[in-house]
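Okay, structure first, notes after.
Laboratory data are not the source of any read-out in this text; all were calculated from the coordinates shown. Because the structure is predicted, anything quoted here is derived from the model rather than measured. With ideal geometry, Cβ positions are generated from the backbone for all residues, glycine too; neighbour counts draw on all protein chains shown.
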Amino acid sequence: MPLAMPLIPPASAETNGVQVTPVIIQVAPERRLASVRVHNRRDTEMMFEVNVFAWSQDDGADVLSETTDVVVAPSVFAVRPGQEQIVRLAIMAAAREAGREAAYRLILRQLPAAEAGAGLRVQLQMSLPVFAPPRGATTALEARRSRDGAVVLSNIGTSVVRIADVQYGADASLPDMPRYLLAGEEVTRPAPNGVGALRVSYTTLNQPALSTDTLVLDAPLALVGVR
């Protein structure tokens with residue numbers, strides 16, 4: 001069985017001399033503010049641009065759209081060699097009105113100085129997940145058959161699940177599963193006839209240890225990872 005990376009925010013990540021902390025941003029229900037540190041480990045000044053997009057899914061594929069739920073400051077900045085910039089995020093109250101976790105993607109882009117006649121060219125880009133869970137968030141997965149016999153895995157809880165593997169039979173797995181299954185989203189995947197249950201290995205925001213639960217297809221409800 002494959003191992004899942006913890007869903008709790010890692011300490012940091014470094015790419016091409018740029019260190020970012022954290023790489024998964026969680027805004028607690030009692031808070032509206034979060035921050036990201038961008039550290040320049042290169043020997044030259046670097047320019048960055050930050051944008052935040054609402055994050056949803058279409059059968060597991062990420063869909064990003066413009067949003068006014070999150071305010072970012074600063075949105076464009078320079079970082080000198082060996083220095084860092086703190087980027088602050090403010091989650092608007094309306095983002096939590098749906099009663100389930102709001103999900104976003106923070107896109108950090110490096111913008112080099114414009115060359116004569118060349119314009120701006122993006123050199124580095126990082127996409128960081130941002131989660132704003134409601135109070136008393138739960139994780140609940142449901143598995144069922146679709147009309148055409150495919151398997152549908154739904155996150156009917158109010159918080160994200162990070163999927164490590166979805167197995168059936170002795171050693172077969174559902175193909176092309178997304179890394180994250182957001183609250184309220186679902187994925188449909190083909191599976192052979194006769195499959196009666198799925199073994200889902202996953203982690204959650206507050207449970208970094210890998211868990212495995214068996215979901216019986218066509219059962220009314222299968223709860224996992226309630227927190």
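Would you please state which residues of the range 41-84 a label at residue 150 would reach in this model, taking the label point 7 Å out along Cα→Cβ and a backbone N cut-off of under 18 Å?
Label zone hits: 57-63.
Checking the a/c ratio against 1.5 first, then a/b against b/c, what shape does the Cα gyration tensor give for the chain?
Judged from the Cα gyration tensor, the chain comes out prolate (a/c at least 1.5, a/b above b/c).
Per residue of the range 172-182, what does 6.51 cos²θ - 1.76 cosθ + 1.60 with θ = phi - 60° give for ³J(HN,Hα)? Whole Hz please, x for Gly and Pro, Karplus curve as stated.
9, 10, 5, x, 6, 7, x, 5, 10, 10, 6
Set Lys and Arg Cβ to +1 and Asp and Glu Cβ to -1, take the dipole of the chain about its Cα centre, and tell me which of 95, 146, 60 lies farthest positive.
Comparing the listed Cα positions along the dipole, 95 ranks first.
Order these by the 10 Å Cβ neighbour count, fewest first: 214, 139, 188.
So the ranking, lowest neighbour count to highest, is 214, 188, 139.
Taking the Cα centre of the chain as origin, sum charge times position over the Cβ atoms of Lys and Arg (+1) and Asp and Glu (-1), and report the length of that vector in debye to the nearest 20.
It comes to approximately 500 debye.
So for 33, 64, 153, fewest C-beta neighbours within 10 Å to most, what's the order?
33, 64, 153
Could you give the spread of the C-alpha atoms of the range 13-132 along their three principal axes, from largest to smallest, in whole angstroms?
Dimensions of the range 13-132 along the principal axes of its Cα atoms: 48, 28, 22 Å.
How much net charge surrounds residue 173 when only other residues with a Cβ under 13 Å from its Cβ are counted (Lys, Arg +1; Asp, Glu -1)?
The answer is -1.
Using a Förster distance of 30 Å, how high is the FRET efficiency between residue 59 and residue 125, based on the Cβ-Cβ distance and rounded to 0.05?
0.75
Take the range 141-216, drop everything but the C-alpha atoms, weight them equally and run the Debye formula without solvent; then report log10 I(q)/I(0) at 0.11, 0.12, 0.20 Å⁻¹ to two decimals.
-0.25, -0.29, -0.82
Let me have the relative contact order for the chain, percent, based on Cα pairs under 8 Å that are six or more residues apart.
Value for the chain: 20 percent.
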